[in-house]
Amino acid sequence: MATLVTCWALVRASVRGSMQYRANFIAEVLFGVIYNSLGFVFILLVLGQFTSIDGWTLGEITLLYGIRLCGHGLWALCFSSSMMLDYYVQEGEWDRFLVRPMPAFVLMMVSYFRVAVFGDVLAGVVVLAAGIHQAGIVWTPARVLFLGARILGSARSR
């Protein structure tokens, strides 16, 4: 439990440090939203020419894309720092993690928090909500559980 509290404190400190430069913080979040929304804009352009793709309507494709974006946002919240492993090893930062009294992997995950991740999550939630609204699915508890499992299952890097 102490490790979890320490990790939470480190993430909060990283976010607070990023928020010292408010314009940069907002720009990074907006970049995350724009970057992740460009794929959906492409889908809108394609479906503007065709009413469906192999029977898949815009609402259904929006739901699928929203699931994928939410999964990516979830992965990015938890594991985006793993992409910095080569940098940490090259610069000798990994050795610093090894001598601390917490697991090195956990320290690596919470040592730096990318602010653009908030934009990834925001874009995913907005597209998923639009897809849920447009798809016209009758939601049952089993389908809600399946949606949650699908989001967890799609939580991976690009």
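The values are calculated or read from the model by the stated rules, or taken from the named source; none is laboratory data. Here the structure is a predicted model, which is why all the values come from computation and not from measurement. Methodologically, a virtual Cβ is constructed for each residue, glycine included, from the backbone with ideal geometry; neighbour enumeration extends over all protein chains shown. With ligands, DNA and RNA removed, areas are computed over all heavy atoms of the protein, side chains included. Shrake-Rupley method; radii C 1.70, N 1.55, O 1.52, S 1.80 Å.
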Please list Ser111, Ser81 in order of solvent-accessible area, largest first, computed with a 1.4 Å probe with all protein chains present. Ser111, Ser81
Only helical DSSP H runs with n ≥ 4 go in: add -39500 (n - 2.57) per run for the chain, normalise by residue count and round the 222 nm mean residue ellipticity to 500 deg cm²/dmol. -25000 deg cm²/dmol
Everything considered on the Cα gyration tensor (a ≥ b ≥ c; rounded for a/c under 1.5, else prolate if a/b is larger than b/c, else oblate), segment 3-59 must be described as oblate
Note down the net charge around Gly131, summing +1 for each Lys or Arg and -1 for each Asp or Glu among other residues with Cβ under 15 Å from its Cβ. +2
How charged is the neighbourhood of Gly66? Take every other residue with its Cβ under 12 Å from the Cβ of Gly66, and add Lys/Arg as +1 and Asp/Glu as -1. +1
Using Cα pairs under 8 angstrom and six or more residues apart, how large is the relative contact order of the chain, in percent? 40
Charges at C-beta only: +1 for Lys and Arg, -1 for Asp and Glu. How large is the resulting dipole of segment 1-92 about its Cα centre, in Debye rounded to 20? 360
Which shape class applies to the chain: rounded if a/c is under 1.5, otherwise prolate when a/b exceeds b/c and oblate if not, where a ≥ b ≥ c are the square roots of the Cα gyration tensor eigenvalues? prolate
Compute a Gaussian network model of the chain, connecting alpha carbons closer than 10 Å, and tell me which residue from Gly39, Gly131, Gly66 fluctuates the most. Gly39
Among residues other than Phe31 whose Cβ falls under 11 Å from its Cβ, what is the net charge (Lys/Arg +1, Asp/Glu -1)? -1
Which shape class applies to segment 72-111: rounded if a/c is under 1.5, otherwise prolate when a/b exceeds b/c and oblate if not, where a ≥ b ≥ c are the square roots of the Cα gyration tensor eigenvalues? oblate
Could you give each residue of segment 91-102 its phi-based ³J(HN,Hα) in whole Hz, using Karplus coefficients 6.51, -1.76, 1.60 with θ = phi - 60°, and x for Gly or Pro? 8, x, 5, 4, 4, 5, 5, 5, 9, 8, x, 10
